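Report on the structure given below.
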Amino acid sequence: MSWSPNSWRDFPIKQQPEYKDIDRLKEIEGQLKEFPPLIFAGEARDLKDKLAQAGRGEAFIIQGGDCAESFASFDAETIKNLFKLILQMSVVVAYSSGRPIVKIGRLAGQFAKPRSSDFEEKDGIKLPSYRGDIINDIEFSKEAREPDPYRMIRAYYQSAATMNLIRAFSRGGLADLNEVHRWNLDFIKTHPIGQKFEEISCQIDKAMQFLKAAGLTSKNTPQLKQTTVYTSHEALLLNYEEALTRVDSITNDYYNTAAHMLWIGDRTRDLDGAHIEYFRGIKNPIGCKVGPSMQPDELVSLVKALNPDNEEGKLNLIVRMGATKIDELFPPLLKAVRDAKLNVVWTIDPMHGNVEKSSTGFKTRDFDNILSEVKSFFKIHQDHGTVAAGVHLEMTGENVTECTGSASCPITVDDLSSRYHTQCDPRLNANQALELAFMISEIF
Ligand code: PEP
Ligand code: CO
């Protein structure tokens with residue numbers, strides 16, 4: 001079957017904006033097609049190799065970031081704090097598991113959101129839903145909710161600037177293992193979890209002193225001072241993704257150059273839909289969310305469509321069932337894929353199946369449910385002789401109050417209103433995310 005970056009346009013598509021000014025849309029798409037790539041195909045291939053390792057149990061994936069990035073809260077400090085948090089969690093899990101960590105940010109392009117309803121109603125007024133800053137504005141007014149193609153240009157530039165900062169942090173000294181203490185975020189330093197991190201940092205300091213005595217320093221051993229944080233987002237708005245899809249001059253294959261890894265959401269994974277059509281043609285490593293409605297035979301067909309050559313590291317299945325459903329719904333899917341001898345990389349998103357509405361009206365998630373779903377995921381893999389390859393989280397390095405719970409620094413329902421800043425879904429704050437990393441390290 002022939003494929004091209006725009007062949008998705010002949011298929012039924014869900015969760016898309018309705019642009020009024022089609023000429024303007026075409027003009028913007030044309031501009032984007034001329035813009036430089038944000039990533040290189042070789043980097044996407046490296047990530048695929050690392051995902052293959054994770055799928056074999058030789059590495060572990062930590063993928064995380066905002067539910068939705070925003071144009072309004074775009075600053076170096078927030079990006080730096082998320083970067084530090086990813087490094088902190090990686091150290092904690094690597095230290096106990098002995099596995100290298102594949103670090104992937106939900107960032108530098110995570111701007112488009114699927115919504116459960118096309119409209120939002122407030123005080124008797126009905127407007128189109130907010131679909132992410134790449135499409136429309138979160139403000140509740142008719143003008144703000146009108147999809148504007150120019151937002152794709154802004155999203156591109158913000159992604160480029162974010163990517164640039166991530167590359168600088170990765171190579172410029174912040175990721176140096178001699179700097180581990182500096183990764184501890186100010187507002188958790190004094191908490192039990194921050195102190196637990198300090199203990200690990202001191203042990204790493206000792207190990208670094210020993211390596212120095214043996215002649216290995218960050219001056220002569222780049223691995224000690226550099227890291228790689230890959231980028232990823234949900235490729236939902238295919239007009240944007242198509243424009244950033246380019247032929248790699250080395251292999252002649254098509255790559256999406258907007259991020260190293262792209263995933264398909266749970267609401268747009270129909271086998272005969274536009275998103276599957278788009279994704280089957282790109283060579284990047286890709287993900288697909290697997291929610292409660294997925295059937296075993298459907299999943300096998302989906303895996304075969306997305307990874308026809310059964311390549312290792314190509315396809316990441318991101319399970320998001322919910323703490324109360326995973327024990328019942330996940331094993332039949334796992335068995336079907338295992339018995340069909342299909343190569344996939346299994347990770348757990350313990351966020352999207354655990355959304356609830358607090359008594360005070362906030363969309364939230366309880367930390368106990370998040371921990372419980374992660375634990376079940378590991379246990380089910382252990383029972384089936386398969387590999388739990390990583391976690392996929394909505395989290396921030398900021399001190400927000402969006403998810404309830406945590407043993408070390410609990411957030412109550414009444415606390416939610418104090419620092420509830422998310423553009424979309426509630427995120428783990430740095431303390432909760434680090435606590436989760438310690439829990440994963442205990443499982444190892
Ligand atoms: C998301 O990851 O932000 C998301 C919308 O997830 P899902 O497709 O699993 O609902
Ligand atoms: Co979300």
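The values are calculated or read from the model by the stated rules, or taken from the named source; none is laboratory data. Just so it is clear, the structure is predicted and the values come from calculations on it, not from any experiment. No Cβ is skipped: glycine too gets one built from the backbone with ideal geometry, and neighbour counts run over all protein chains shown. Keep in mind that these areas ignore ligands, DNA and RNA; they rest on the heavy atoms of the full protein, side chains included. Shrake-Rupley method; radii C 1.70, N 1.55, O 1.52, S 1.80 Å.
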Filtering the stretch 237-275 down to residues that are closer than 30 Å to Q88 by Cα and within 11 Å of ligand 1 (Cβ to nearest atom) yields W263, I264, G265, D266
Taking D75 as meeting all but one of (1) within 16 Å of ligand 1 (Cβ to nearest atom); (2) free of Cβ contacts under 8 Å to residues at least 12 places away in the same chain, write down the number of the exception.
-> (1)
I138 versus (1) part of a helix (DSSP H, G or I); (2) within 16 Å of ligand 2 (Cβ to nearest atom); (3) open to solvent by 60 Å² or more (accessible area, probe 1.4 Å): which is the lone unmet condition?
-> (1)
Among the residues of the stretch 324-367, how many are of a type in the set (G, A, S) and within 15 Å of ligand 1 (Cβ to nearest atom)?
-> 1
Pick out, from the stretch 229-316, the strands (runs of 3 or more DSSP E) lying fully within it that include 3 or more residues that are surrounded by 23 or more Cβ atoms within 10 Å (Cβ to Cβ) and in contact (Cβ under 8 Å) with a residue 60 or more places away in the chain.
-> 229-234
Those residues of the stretch 109-126 which are surrounded by fewer than 17 Cβ atoms within 10 Å (Cβ to Cβ) and either more than 16 Å from ligand 1 (Cβ to nearest atom) or of a type in the set (D, E, K, R) (or both), in sequence order = R115, D118, F119, E120, E121, K122, D123, G124, I125, K126
Is there a residue in the stretch 402-414 that is under 18 Å from the mean Cα position of the chain (by Cα) and small (G, A, S)?
-> no
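Within the stretch 255-284, how many residues are touching a Gly at 6+ places or on another chain (Cβ under 6 Å) and either away from ligand 2 (no atom under 16 Å from the Cβ) or of a type in the set (S, T, N, Q) (or both)?
Of the residues in the stretch 255-284, the ones touching a Gly at 6+ places or on another chain (Cβ under 6 Å) are 258-259, 263, 266.
Going one step further and asking which of them are either away from ligand 2 (no atom under 16 Å from the Cβ) or of a type in the set (S, T, N, Q) (or both), we end up with 258-259.
Summing the residues that are touching a Gly at 6+ places or on another chain (Cβ under 6 Å) and either away from ligand 2 (no atom under 16 Å from the Cβ) or of a type in the set (S, T, N, Q) (or both) in the stretch 255-284 gives 2.
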Selected residue [open to solvent by 10 Å² or more (accessible area, probe 1.4 Å) and either away from ligand 1 (no atom under 16 Å from the Cβ) or at pLDDT below 95 (or both)] from D66, D10 | D10
Restrict the check to the stretch 112-119 and report whether at least one residue is within 22 Å of I286 (Cα to Cα), more than 16 Å from ligand 2 (Cβ to nearest atom) and part of a strand (DSSP E or B).
-> no
Across the stretch 97-108, what is the number of residues that are open to solvent by less than 10 Å² (accessible area, probe 1.4 Å) and not in a strand (DSSP E or B)?
-> 1
Spot the failing condition for A94; the list is (1) open to solvent by 10 Å² or more (accessible area, probe 1.4 Å); (2) over 30 Å from E442 (Cα atoms); (3) not charged (D, E, K, R), and only one is missed.
-> (2)
Cross-chain or 6+ apart pairs with Cβ under 7 Å, the stretch 89-111 first and within 30 Å of N136 (Cα to Cα) and free of Cβ contacts under 8 Å to residues at least 24 places away in the same chain, then open to solvent by 10 Å² or more (accessible area, probe 1.4 Å) and assigned to a strand (DSSP E or B) = none
Reported set for the stretch 402-414 where residues are assigned to a loop (DSSP other than H, G, I, E, B) and crowded, with 22+ Cβ neighbours inside 10 Å is E402, C403, S406
Only one of (1) farther than 27 Å from E77 by Cα; (2) more than 16 Å from ligand 2 (Cβ to nearest atom) is not met by M163, so which one is it?
-> (1)
Give the residues of the stretch 163-199 that are of a type in the set (S, T, Y) and assigned to a helix (DSSP H, G or I), sorted by residue number.
-> S170
Lone qualifier among S417, S441 - being in a helix (DSSP H, G or I), at pLDDT 95 or above and surrounded by fewer than 23 Cβ atoms within 10 Å (Cβ to Cβ) | S441
Just a yes or no: is a residue in the stretch 25-38 closer than 30 Å to E312 by Cβ and either open to solvent by less than 70 Å² (accessible area, probe 1.4 Å) or polar (S, T, N, Q) (or both)?
-> yes
Among the residues of the stretch 221-238, is there at least one that is touching a Cys at 6+ places or on another chain (Cβ under 9 Å) and among the acidic types (D, E)?
-> no
Give me the pairs: first residue in the stretch 350-378 and among the aliphatic types (A, V, I, L, M) and more than 16 Å from ligand 2 (Cβ to nearest atom), second residue outside any loop (DSSP other than H, G, I, E, B) and open to solvent by less than 30 Å² (accessible area, probe 1.4 Å), beta-carbon distance under 8 Å, and six or more apart or on different chains, which are they?
-> L371/L436; L371/M439; V374/I348; V374/V391; V374/L436; V374/M439; V374/I440
